[in-house]
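All remarks here apply to the structure that follows.
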Amino acid sequence: MKKNWGFLIRFTISLAALAGLLWALRDKLGEAFLIVSRGFRWEWFLVAAALNLGATALISRRLQVVFRVQGVKVSFLQSLYLSILGLFFTLFFPSAFGGDVAKGYFAYQYSGKKLGSLTGVVLDRLLGSVTLVLIALLAVTVYSRSLANPAVERSVWGVLGILLLGTIFITNPRFAKKFQFLSFLIPSAKWRENLGNLYHALREYKNHKKLLVTCCIISVMAQLLFLAMGYFLARALGIGISLWPFFILMPLVGFVSMAPSLSGLGVREAGFVFFFKSLIPTEQAFALSLVYDLLFYGSAVAGGLLFAVKGGLKREILHELETVETLQEVGHDR
């Protein structure tokens, strides 16, 4: 029942965001679809797809390096497969955990190390998020006057503050203890124990500074490719906008997409319109969100097809993944 309530909340948020966006753009929808359908430049879309693939390969390498500390031995191809599966299961299990659950689960199947697999996936996500915000912050520092949008600047600083708070929480036990009074929010003693083990496993990474530096370099390279991808999607639509705003605005769209929803549906498109409207007309911003969705969902479906070809769509495997995802949602272990 708790899981159903969680799904209902995310469904409601996605539906409300889509409905509100479509109502706000009711006079612009026809123009937005015309922008997508008329004069679409497939060559630029294919460049964006190639950048997306290259960035996925880089974050797969980062995940492989992060796993190494935990003794989780996966090959690069296995790590790449995990990243692709993560995209698919973001759709298949439209929760806050779906893609990461799949990556952690299959890494555990490869290595037999449950905690190490989960720790690696969590740190990998954290590294990607921190790097993305730092890139956005640098771009804001350089281009804030040109952007002329105080709301965007405040958003970047706010997200950076949240991430810094989370980083201090992980690296400083004395600071973390100040939040022990919130432990009542964790519904079971077993789950509290699991989170405690995960916390201590994450803290171990500070003893591997060389590895963290390597991962940060890989992460910067990957994020630059992901951000440039947005620029080429805009070129595919004939939208005249320079490259640098994507280094500020795309990270914000990404963080908005993490809001409780069905894989970011509704909130992601609203994020595109909200953050890009100061630079381009709203119908162009919405059209850009549509082609981004085309690439995002297309990549996820491609991951699902690969999973099916490899024989993954078996009832027992999907049932096991559903069980793991449910435990993540309700806070109980098996």
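Take residue 56 and tell me if it is surrounded by 15 or more Cβ atoms within 10 Å (Cβ to Cβ) and at pLDDT 90 or above. Yes, satisfied. Quick check, is residue 57 out of contact with any strand residue (DSSP E or B) (no Cβ under 9 Å at 6 or more places or on another chain), within 30 Å of residue 80 (Cβ to Cβ), part of a helix (DSSP H, G or I) and free of Cβ contacts under 8 Å to residues at least 12 places away in the same chain? In short, no. Candidates are the residues of segment 30-40 that are part of a helix (DSSP H, G or I) and surrounded by fewer than 14 Cβ atoms within 10 Å (Cβ to Cβ); the one that is modelled with the lowest pLDDT is 37. The single condition among (1) in contact (Cβ under 8 Å) with a residue 12 or more places away in the chain; (2) small (Gly, Ala, Ser); (3) more than 25 Å from residue 134 (Cβ to Cβ) that residue 259 does not satisfy is (3). Just checking, does segment 118-135 include any residue being modelled with pLDDT of 70 or more and farther than 26 Å from residue 250 by Cβ? Yes, some residue in segment 118-135 is modelled with pLDDT of 70 or more and farther than 26 Å from residue 250 by Cβ. Of the helices (runs of 4 or more DSSP H) that lie entirely inside segment 241-334, those containing 3 or more residues that are touching a helix residue (DSSP H, G or I) at 6+ places or on another chain (Cβ under 9 Å), more than 25 Å from residue 28 (Cα to Cα) and modelled with pLDDT of 85 or more span 282-309.
The values are calculated or read from the model by the stated rules, or taken from the named source; none is laboratory data. No experiment lies behind these values; they were computed from the predicted model shown. When we count neighbours, we look across all protein chains shown, and the Cβ atoms used for this are built from the backbone with ideal geometry, even at glycine.
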